[in-house]
Amino acid sequence: MRAWRGLLSILAISLSASPLHAQTRLNVVASFSILGDFVKNVGGDRVAVTTLVGPDGDVHVYTPTPADVRKIADAKLLVINGFGLEGWLPRLLQAAGNRASIVTVTSGITPLKAGSDADPHAWQSVTNTEKYVANIRDALISADPPDADFFRQNAQAYLTKLEALDGEVRQAVGRIPEGRRRVISTHDAFGYFAARYGIQFIAPVGVSTEAEPSARDIAKIIGQVKAEHIPAVFLERIGDPRLMQRISAETGARIGGTLYSDALTGEKGDAPTYIDMVRHNITTLTSALAN
Ligand code: ZN
């Protein structure tokens, strides 16, 4: 009897020392690497985040794998961009028999139009990213109410960093002479950046990397670079660099470096987090354009 009581009290102590919600982390799946970073910042050690399209991956042309089916089947919450970015997702959800809640992080953002489609790259404006983070915070709170305060505090700390980052980008662009705020990038990923910060991007490929530019598209851009004396062209981490190299060779516009648009890099790369990515891009742009 005494031994039983002792065992019970040990059980009671171990249960109270580690409440159930701290033992099991919330399984969250993010559709691509940038969203995974936001979830990590808000969820901290209370969530286990996996991404479908990982670092250096191209979310426009992704082909889901059997491992993705398992990730979805284990998920409690699925974090997606929306605005047509994850065209491959509905079939994956069906294959996985998805039961996770889904949060669309662009909810509440007015999309820019690219022809008749929405431009999906809303995260390229840091102010939109603040909306993403608020949507992720609210979804985590719904999925795991006992950790609400923890998620609120993390989100607030991260939002403060993002506000500072937005200021950094505006200051950096301010140092570029107005006549030089025009560049060429591979695909049309920087529409929201352009709208927020006032650098004009011209791209031979549209908002999805799925489309191939025609010879006429390329000739038109080459003509425009020459006529408008556009100072620099930029490679992107995703997509084929040869097109930009050709435009550079034919126009004399120099290659200003590599911009990160739709994916983070691995830990050792230039852009392992969203904040690193934005800082890398703005440093690359200003060093090519400011003088
Ligand atoms: Zn893109």
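At a glance:
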item: Residue match in region 134-144 (condition: over 18 Å from the mean Cα position of the chain (by Cα), assigned by TED's automatic domain parsing to the domain that holds VAL47 and at pLDDT below 95); result: no
item: Residue ID - farthest from the ligand (Cβ to nearest atom), chosen from residues in region 105-129 that are assigned to a strand (DSSP E or B) and crowded, with 17+ Cβ neighbours inside 10 Å; result: ALA118
item: Residue match in region 248-256 (condition: open to solvent by 10 Å² or more (accessible area, probe 1.4 Å), of a type outside the set (Phe, Trp, Tyr), closer than 30 Å to LEU52 by Cβ and out of contact with any Leu (no Cβ under 6 Å at 6 or more places or on another chain)); result: no
item: Residue, farthest from the ligand (Cβ to nearest atom), within region 224-234, restricted to residues that are open to solvent by 30 Å² or more (accessible area, probe 1.4 Å) and under 22 Å from THR284 (Cβ atoms); result: HIS229
item: In region 71-87, residue farthest from the ligand (Cβ to nearest atom) [restricted to those that are charged (D, E, K, R) and touching a helix residue (DSSP H, G or I) at 6+ places or on another chain (Cβ under 9 Å)]; result: LYS76
item: Selection from region 88-103 of residues that are out of contact with any helix residue (DSSP H, G or I) (no Cβ under 8 Å at 6 or more places or on another chain) and either open to solvent by less than 70 Å² (accessible area, probe 1.4 Å) or outside the structural domain of ASP138 (by TED's automatic domain parsing) (or both); result: TRP88, LEU89
item: Residues (open to solvent by less than 50 Å² (accessible area, probe 1.4 Å), out of contact with any Leu (no Cβ under 8 Å at 6 or more places or on another chain), in a helix (DSSP H, G or I) and more than 16 Å from the ligand (Cβ to nearest atom)) located in region 192-223; result: TYR197, ILE221, ILE222, GLY223
item: Checklist (1) among the small types (Gly, Ala, Ser); (2) outside the structural domain of MET244 (by TED's automatic domain parsing); (3) in a loop (DSSP other than H, G, I, E, B) applied to ALA189, failing item; result: (2)
item: Which numbered condition ALA290 fails, given (1) of a type in the set (Gly, Ala, Ser); (2) more than 28 Å from GLY167 (Cβ to Cβ); (3) surrounded by fewer than 16 Cβ atoms within 10 Å (Cβ to Cβ); result: (2)
item: Failed item in (1) in contact (Cβ under 8 Å) with a residue 40 or more places away in the chain; (2) out of contact with any helix residue (DSSP H, G or I) (no Cβ under 6 Å at 6 or more places or on another chain); (3) of a type outside the set (Gly, Ala, Ser), with GLU210 passing the rest; result: (2)
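The values are calculated or read from the model by the stated rules, or taken from the named source; none is laboratory data. It should be emphasised that the depicted structure is a prediction, and the values quoted were computed from it without experimental measurement. We place every Cβ from the backbone using ideal geometry, glycine too, and count neighbours over all the protein chains shown. Calculation scope for accessible area: heavy atoms of the full protein, side chains included, ligands and nucleic acids excluded. Shrake-Rupley method; radii C 1.70, N 1.55, O 1.52, S 1.80 Å.
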